[in-house]
1. Take residue 199 and decide whether it is surrounded by 10 or more Cβ atoms within 10 Å (Cβ to Cβ), closer than 30 Å to residue 148 by Cα and at pLDDT 50 or above.
2. Go through 103, 6, 44 for me and flag whichever is at pLDDT below 85, closer than 21 Å to residue 136 by Cα and of a type outside the set (S, T, N, Q).
Amino acid sequence: MIDQLGALLSSPWVYALVTLSIMLDVFLPVLPSGVLLIAAATAGSAAGHAFAVFEILMLMLCAAAASCLGDFVAYRLARRGGRWLELRIERSRRLSVAKRQLGTVVSHGGGPLVVLARFAPGGRSIVSVAAGAGQRRLGDFLPWSALAGVTWAAYSVGLGYLGGQWLGASWLATALSCAALVAAGVFALRVIRHQRRPAPATAVAAIEPRTTQ
């Protein structure tokens with residue numbers, strides 16, 4: 001697959017394939033959009049032609065734009081009463097687990113945790129649908145969604161690029177880059193779980209208003 005992607009990188013098809021995969025990933029989280037993006041970046045970095053850097057930047061731009069657009073579509077559908085999206089989450093064991101793990105992000109519907117949730121398995125779907133179903137303002141959700149898409153795209157493409165420069169267009173380079181992407185997802189979940197821990201009793205008592213005597 002690496003060799004095929006290397007050949008496709010000089011044509012618009014690889015960008016269309018990556019864009020479509022990432023856009024649909026919000027509705028079908030089983031799609032290997034991250035793996036495809038890393039593989040394409042690995043092949044492009046090892047191609048060795050004059051436009052390799054330009055093509056890598058275009059790949060990053062397509063990935064970030066597709067991520068943001070997919071989030072926006074899921075948000076709008078959920079906001080307009082996309083009950084089938086919520087049912088899909090309830091019926092999917094993977095998404096149900098992700099929803100429990102991302103409780104803080106779902107309850108707040110925005111903020112820096114949205115960026116972290118983009119790296120967590122199923123996090124993108126959960127946050128986008130929850131923000132729409134919870135009637136969050138688009139201005140509160142979309143900027144963080146865009147930042148999450150850019151961060152995820154830059155990290156994924158950067159991993160593929162460095163892997164290709166280090167080990168060439170090989171399965172080993174792609175596998176190591178994908179492992180680093182998974183590690184980022186594990187780290188994101190740990191941070192989110194830490195945020196979900198209840199505040200200590202002393203901290204809660206300190207912020208409670210004191211009653212006047």
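1. Details: surrounded by 10 or more Cβ atoms within 10 Å (Cβ to Cβ): yes; closer than 30 Å to residue 148 by Cα: yes; at pLDDT 50 or above: no.
Here the answer is no, as residue 199 does not meet what is asked.
2. Result of the check over 103, 6, 44: 103.
The values are calculated or read from the model by the stated rules, or taken from the named source; none is laboratory data. What you see is a predicted model, and the numbers here were worked out from it, not measured in a lab. Glycine gets a Cβ as well: all are built from the backbone with ideal geometry, and neighbour counts include every protein chain shown.
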